[in-house]
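A.B. asks: This is the structure, below, for whatever I ask next.
What follows draws every value from the coordinates through simple rules; no lab data is involved. Since the structure is predicted, the reported quantities are computational estimates derived from the model, not experimental observations. Every residue, glycine among them, receives a Cβ derived from its backbone with ideal geometry; neighbour counts consider all protein chains shown.
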Amino acid sequence: MSIVPSQWYENNPLSVVESLCAGTPVAGSDMGGIPELIDSGNGIIFQPFEKEAIATAITTAMTRQWDHAAIARNALQRFSPEVHIGTLLHEIYGI
């Protein structure tokens with residue numbers, strides 16, 4: 001389990017991307033780009049600045065059964081250089 005309690009509006013936090021690529025689920029704060037990277041299959045989102053919410057998210061994540069291989073497989077595909085370049089080309093040039 002990786003915990004990302006960021007209170008900053010990070011665009012694409014590499015700590016989340018690297019954790020997911022390693023098959024590690026993430027408990028992350030609902031700030032910046034963190035919630036865009038986490039879904040119910042690979043982690044839990046919690047409200048920042050709320051100790052109770054963070055504690056609940058960590059407890060829930062630690063007791064849940066995660067499919068670590070699927071988390072890694074999906075993340076490695078989602079964040080591969082080929083997918084990233086393809087997304088950029090599509091968004092910028094419509095290719």
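A.B. asks: Let me have the 222 nm mean residue ellipticity of the chain computed from DSSP H runs of 4+ only, each contributing -39500 (n - 2.57), with the sum over all residues rounded to the nearest 500.
C.D. replies: When only DSSP H runs of four or more count, the value is -15000 deg cm²/dmol.
A.B. asks: Charges on Cβ only, +1 for Lys and Arg, -1 for Asp and Glu, centred on the Cα centroid of the chain; of LEU89, LEU14, ILE58, which one is farthest towards the dipole's positive end?
C.D. replies: ILE58
A.B. asks: Right, next: Place the peptides 23-29, 5-11 in order of packing, highest mean first, counting for every residue the other Cβ atoms within 10 Å and averaging per peptide.
C.D. replies: Put in order of decreasing packing, that is 23-29, 5-11.
A.B. asks: On alpha-carbon atoms, Rg over Rh for the range 2-93 using Kirkwood Rh?
C.D. replies: Taking Rh as the inverse mean 1/r over Cα pairs, Rg/Rh reads 1.01.
A.B. asks: Which value, in debye to the nearest 20, gives the size of the charge dipole of the chain about its Cα centre, when Lys and Arg are +1 and Asp and Glu are -1 at the Cβ?
C.D. replies: The calculated dipole for the chain is roughly 220 debye.
A.B. asks: Still on this structure, please answer the following. Under a 10 Å cutoff between Cα atoms, tell me which one of PRO81, PRO35, PRO13 has the largest fluctuation in the Gaussian network model of the chain.
C.D. replies: PRO81
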